[in-house]
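The values are calculated or read from the model by the stated rules, or taken from the named source; none is laboratory data. Just so we're clear, the structure is a prediction, and the values are computed from it rather than from any experiment. Here the Cβ positions follow ideal geometry from the backbone for every residue, glycine too, while neighbour counts run over all protein chains shown. Protein only, heavy atoms only, side chains kept; ligands, DNA and RNA dropped before computing areas. Shrake-Rupley method; radii C 1.70, N 1.55, O 1.52, S 1.80 Å.
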Amino acid sequence: MTTYPMPSNETERLNLLYILNLLDTQEEPVFDHITRMVAKILDVPIVLVSLVDADRQWFKSRVGLAATETPRELAFCAHTIIDTTPLIVTDTTLDARFKDNPLVTGDPHIRFYAGVPLRSSGGLAIGTLCAIDSKPRLLSEDETNILIDMAALLSREVQLRESVILIRNQMSHSEQAIEAVEARFRTVFERAGVGIALVAADGGWIRVNDALCQTLGYSQEELIKLTFVDITHPQDLDSDFYLLQQLIGNEIDRYQLEKRYINKSGNIVWVNLIVTKQMSKQGELEYFVLIIKDIQARKEAEASLADLRKDLEERVETRTQDLRLANTMLSSSMEQQLRSEQELRKREAELQMVIENANDAYVCINHIGLITDWNRQAEQTFGWSRQEAIGRRLEDMIIPAAMRKAHREGMKRYLNTGEHPVLNQRIELTAVRRNGEMLPVEVRVCALSIDGKTIFSAFLHDITDRKRAEAIRDHEALHDALTGLPNRRALFNLLPQAEARAKRSQVAMALLFIDLDGFKAINDSQGHEAGDMVLREVASRLHKCIRQTDTAVRLGGDEFTVVLENLVNDATDANKVAKKILAVIQRPIRLGTMTVNISASIGIAVHYPNEVNTADQLVNRADAAMYEAKRAGKGRVFLQ
Ligand SMILES: Nc1nc2c(ncn2[C@@H]2O[C@H](COP(=O)(O)OP(=O)(O)OP(=O)(O)O)[C@@H](O)[C@H]2O)c(=O)[nH]1
C-alpha cells in the first residue's frame, strides 16, 4: 500500500477544511472556471481542485475525471500539501513514490502530475490545484507559473470564504453574547426582588417588571398606560421633580429618595427609589432606569417602632416622675438616715467615751469567747493592756482556773438555748488579776445578737472595797466594838444553832450569864477609859479559857454570856467552867501602873438536847440565875 506523508498541522488543517464547508458541496463556477482554463492553457486532459480530507481526497472541481474522490493513500495531492513548492512529476513510472500507484498502473494511467497547494490565510494547505496527463511531459516555466497563479486565485477564493466564515462566526458570537446579555438582563429584570422600570423622558413607563407591578398592584399593561406622576403621592412630587431636574441637567449622576406611591387600591406604598439615566451614544437622554424597593414593611415597622418609642418615652416620663418622687423620698430618707447615722456615730462616740472612762471594767467577747473590747478600767482592774487582751480567750485572762469550766458550759448553754441565769443580772463573782491575785467583782452580762453572731458584753466592777466594808459592817453588826466579842445579836443568832447542834448530837449545852461585880466603882474611881480596859481584859480572859466550840459574848455594859456546847456531863461541866471563868475574872488586872481586882456573878441555864427553849427563854433563865448569884452575895455561880 502506498503511504503518504502527514502534515505537521494536520488537525488544524482539517478543522479549517471542515469550517470552510467545501467538502461534498455542489460544483461552483469559480472553481470550475479555473480548472477549465488550466486544462486549456496547459493542454492536459485532467485538471482537479482536490481537497485533502482525513482519509480521502474529494474533488471540488474536476475536468476529465469521472471519479469524485479517491482514497488519500492514492492521492498525489496528499504529497503536494506537504511542500511549499509545487509538486511536478514528469513521469510517474520513474518516480518510486508513484510508479506502483493503482492510478498509475491502472485507470486513469497517470504518467504526469503537477500540483500546487491551496493555502488558507494562515498558510494551511487544504488541497491542491493539479494538472494530470496520461503521458509523460515536461512543464515549462511559464506553464508552471500559470498553474501557480491559478492556484493563487483559488487560494484567494478560499481565503475570502475563510474571512467571511470568520466574520460570520464573530458576528454569531457577538449576537450570542448580545443575546446572553439580553437574556441576563431579562432574567434580572423579571426576576429581580426589587422593582425595575425604564421610564421615558416624558415620564411614561417603557418597561416595568413583575416586582414593581406587585408592589403597586397593577398589571404590566395597566402600569404602562400611566406615568410616574400618576402614581406618585402628591406631597412627594416636588422633591422627585427637583432631583429629576438635577439629573437631567447633569448636576447629579443618580438620585435616591424615599417616597410614596399610591397603589391600585389607593393605598400608600413607601418605596426607596434610585434613578439613573441611560444616554445614547450621541449623548442624548434615552430613558431613565428606576430601581424601586418596597420599604412599606420597614416604614410600618419604623412607625410602630416610633409608636413604641413614644409609648416608651411616655412610660419613661411617668416612671421618671415616679422615680423623681421616689428619689425625693429616698433623698429625704437618706438625709434622715444620714442624720440618724451621725446621731448614731455621736452616740457611739459617746458610748465609747463612757465605756472608756467608765469606772467599771468593760469587756466584750464574741461567740467563741475571744475578747473584742477591753476598756481602760479593765486594764487597771485586771492588769492586762487592751492590746494584750484583744483577741485572747477571756477565760485565760480573768477567770480563775476553778471557774473556767463553768464559764465555758454557761456560754455553750446560752448559745444552744438562749438562756443563762447570770445574764442581765448583777452577780458577784471572783476574778483573777494578771498577777494572780483574786478579786471579787460585780458583773452585769448582756448577750446581743449582731449579724447572726452572739456577743457578750460585761461590766465588771471591782468590789474589793465594798466587800471589805460589808465584812466590817457585818462584823460590827455582830460584834462588840470595845472587846471584839460577838454581841447580843450574834448571841441570838447563835443560840438556835447551838440548840440545834445539841439536839443533833444529843449532848447538852448551857448559857452562862456573867455580870461583873464592882465594875461601876472602877469606872467611877479610875475613869471610863480604865473601865474599858477592864472590860477588854475580861473579854480576853473569857475568850482564852473556853473551848473553840464555845462562844464568849458581850451583851453590853459589864454583862457577858458564854455559850457552852458539848457538855457531856451537863450541869456539872457547866458549873465547872463557870467556876473556872469566875476564877479567871477574879485575877488582878493591871491597868498601867496600878492593879485592880474585879469579880463576877454567874448564872447558868442548862439546855438539854430535847428541851425546847427560845433564845429569849434561855437568856432570861441564865439572867435569872445570875440575879440569884448576885442576891446570894456576888462572886459566885448559881445554877438555875
Ligand atoms: N467603862 C465602861 N463602863 C461601862 C460600859 N458600859 C457600862 N458601863 C458602866 O458599867 C456600870 C455597870 O453598872 P453596875 O452593874 O451597876 O455596876 P456594879 O458596880 O458592877 O454593880 P453590880 O452589878 O450590882 O455589882 C455602870 O456604871 C455603867 O455606866 C462601858 O462600855 N465602859
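Kindly check whether there is at least one residue in segment 115-122 that is in contact (Cβ under 8 Å) with a residue 24 or more places away in the chain and either within 60 Å of the chain's Cα centre (by Cα) or surrounded by fewer than 16 Cβ atoms within 10 Å (Cβ to Cβ) (or both). Yes, that holds for at least one residue.
Listed by position, the helices (runs of 4 or more DSSP H) enclosed by segment 140-243 that each have at least 3 residues that are out of contact with any helix residue (DSSP H, G or I) (no Cβ under 7 Å at 6 or more places or on another chain) are 141-191, 210-216, 220-224. Restricted to segment 399-421, and to residues that are over 44 Å from the mean Cα position of the chain (by Cα) and closer than 15 Å to ALA458 by Cα, which residue is surrounded by the fewest Cβ atoms within 10 Å (Cβ to Cβ)? Here the answer is PRO421.
Rundown of residues vs (1) closer than 21 Å to ASN487 by Cα; (2) among the aliphatic types (A, V, I, L, M); (3) within 16 Å of the ligand (Cβ to nearest atom), yes/no style:
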{"residue": "THR549", "(1), (2), (3)": "yes, no, no"}
{"residue": "PHE560", "(1), (2), (3)": "yes, no, yes"}
{"residue": "VAL563", "(1), (2), (3)": "yes, yes, no"}
{"residue": "ASN575", "(1), (2), (3)": "no, no, no"}
{"residue": "ALA578", "(1), (2), (3)": "yes, yes, no"}
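Might you check whether a residue that is open to solvent by less than 30 Å² (accessible area, probe 1.4 Å), at pLDDT below 90 and part of a helix (DSSP H, G or I) occurs anywhere in segment 436-450? No, because not a single residue in segment 436-450 is open to solvent by less than 30 Å² (accessible area, probe 1.4 Å), at pLDDT below 90 and part of a helix (DSSP H, G or I).
Taking the numbered list (1) loosely packed, with under 15 Cβ neighbours inside 10 Å; (2) outside any loop (DSSP other than H, G, I, E, B) in turn, ARG13 passes all entries but (1). The residues listed here are LYS544, LYS503; of these, the one that is away from the ligand (no atom under 16 Å from the Cβ), without any contact (Cβ under 8 Å) to a residue 60 or more places away in the chain and not β-branched (Val, Ile, Thr) is LYS544. Of the strands (runs of 3 or more DSSP E) entirely within segment 499-590, those holding at least 3 residues that are open to solvent by 10 Å² or more (accessible area, probe 1.4 Å) occupy 551-556, 559-567.
Condition check for ARG309 on (1) open to solvent by less than 90 Å² (accessible area, probe 1.4 Å); (2) under 30 Å from GLU258 (Cβ atoms): one failure, at (1).
Candidates in segment 96-114 are the residues that are without any contact (Cβ under 8 Å) to a residue 24 or more places away in the chain and open to solvent by 30 Å² or more (accessible area, probe 1.4 Å); of these, the one that is farthest from LEU16 (Cα to Cα) is THR105. For the residues ASP515, ASP462, the requirement of being touching a helix residue (DSSP H, G or I) at 6+ places or on another chain (Cβ under 6 Å), assigned by TED's automatic domain parsing to the domain that holds ILE371 and touching a residue at least 24 places away in the same chain (Cβ under 8 Å) singles out ASP462. Count of segment 43-60 residues, restricted to those that are of a type outside the set (A, V, I, L, M, F, W, C), under 18 Å from LEU22 (Cα atoms) and surrounded by fewer than 21 Cβ atoms within 10 Å (Cβ to Cβ), is 3. Scanning segment 193-226 for residues that are among the hydroxyl-bearing types (Ser, Thr, Tyr) and surrounded by 14 or more Cβ atoms within 10 Å (Cβ to Cβ) yields THR215, TYR218. Scanning segment 454-483 for residues that are open to solvent by less than 50 Å² (accessible area, probe 1.4 Å), more than 60 Å from the chain's Cα centre (by Cα) and more than 24 Å from PHE560 (Cα to Cα) turns up THR464, ALA469, GLU470.
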